[in-house]
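The values are calculated or read from the model by the stated rules, or taken from the named source; none is laboratory data. Since this is a predicted model, take the numbers as computed values, not measurements. Cβ atoms come from the backbone with ideal geometry, glycine included; neighbour counts cover every protein chain shown.
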Amino acid sequence: MTRTRCRSGLRATHRPGLSVGRRARVVTALTILMLCGGVATATWLVGLDAGSNGKAKAAKIDNLSITAASTPGLNGLLYPGGTGDVTAAIKNPNPFPVVVSALYLPAHTTYAPGYKDDPWHDDDLIALCDSSRSLVSYTQAAATSGAIRELAAPLVVAANGQLSVTLTDAASMGSESPNECQGAYFSMPSFTGISASPAPEGVSTTTSPVSTSLTASAN
């Protein structure tokens, strides 16, 4: 707050010959003519207490899930010595979109059991086309479990969303696969891991359904 003080610079003095009433009128006139050198101004600054802040909370990250989806089309079916497509649904339970860039595969000797019907049940298992005989595994699997295979193009799964994916030629059938595996539906071995992270702001989500493939690069 600033202050200014008014001073006239004029002084009333006694002049001989002036009556008391006349002197009063002169003093009054001088008082009215006093000039002020400034105007009083008040500036009140409002500050901030130390430690003033707000609150934020991080979201909890939940795991993605991958489950079997619709049956592959006729062009993606398996046969002895050949490859076929794998269909799956990736579910994202998080309140933010997630980028999936790679999948971790089990060893190539981990085989898929064959079932008579889709959806399958335990009593639909084909005994002579089970996980010890079918010779159906991932095409890009390695001798040991955990091989990392990047997707040909990263997939962006929407927040609280699900994405139907076809992995082209991702399954292979050994040339000695038994005759009982004809027409079977295969429950592919579980993936051993995934490379995924929150999507950067502004990235578009992948439209479902989508087709992609796994690379042959080693981990």
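Total residues in region 67-113 satisfying the condition of being under 22 Å from THR205 (Cβ atoms) and either within 18 Å of the chain's Cα centre (by Cα) or among the aromatic types (Phe, Trp, Tyr) (or both): the figure is 13. With respect to the stated conditions, ILE194 is at pLDDT 95 or above, more than 19 Å from LEU78 (Cβ to Cβ) and buried (at least 16 other Cβ atoms within 10 Å of the Cβ).
The residue that is farthest from the chain's Cα centre (by Cα), counting only those in region 162-173 that are surrounded by 17 or more Cβ atoms within 10 Å (Cβ to Cβ) and among the small types (Gly, Ala, Ser), is SER172.
Does region 99-153 hold any residues that are in a helix (DSSP H, G or I) and surrounded by fewer than 16 Cβ atoms within 10 Å (Cβ to Cβ), and which are they?
Taking region 99-153 first, the residues in a helix (DSSP H, G or I) are 122-124, 127-129.
Passing the criteria: ASP122, ASP123, ASP124, ALA127, LEU128.
Contact map, region 186-200: first residue touching a residue at least 24 places away in the same chain (Cβ under 8 Å) and in the same structural domain as ALA69 (by TED's automatic domain parsing), second residue of a type outside the set (A, V, I, L, M) and in a loop (DSSP other than H, G, I, E, B), Cβ cut-off under 6 Å, separation 6 or more or different chains; pairs are SER187/PRO113; PRO189/PRO106; PRO189/THR110; THR192/PRO106; THR192/SER145; THR192/GLY146; PRO198/PHE96; ALA199/PRO97. Of all residue pairs spaced 6 or more apart or on separate chains, those with beta-carbon atoms under 7 Å, a first member in region 73-90 that is closer than 17 Å to SER208 by Cβ and a second member that is acidic (Asp, Glu) are ASP85/ASP169.
Of the set (1) assigned to a loop (DSSP other than H, G, I, E, B); (2) at pLDDT 95 or above, all apply to VAL86 but (1).
Of all residues in region 93-147, those satisfying the criterion of being small (Gly, Ala, Ser), free of Cβ contacts under 8 Å to residues at least 60 places away in the same chain and more than 18 Å from LEU78 (Cα to Cα) are ALA107, ALA127, ALA143, SER145.
Taking the condition within 19 Å of PRO113 (Cβ to Cβ) and either in contact with a helix residue (DSSP H, G or I) (Cβ under 6 Å, 6 or more places away or on another chain) or not in a loop (DSSP other than H, G, I, E, B) (or both), does SER172 pass? The answer is yes for SER172.
Consider region 200-219 and keep the residues that are part of a loop (DSSP other than H, G, I, E, B) and surrounded by 14 or more Cβ atoms within 10 Å (Cβ to Cβ). The one that is farthest from the chain's Cα centre (by Cα) is SER213. When the residues of region 175-199 are narrowed to those that are closer than 14 Å to ASP130 by Cα and part of a strand (DSSP E or B), which ends up farthest from the chain's Cα centre (by Cα)? Only one residue fits best here, namely TYR185.
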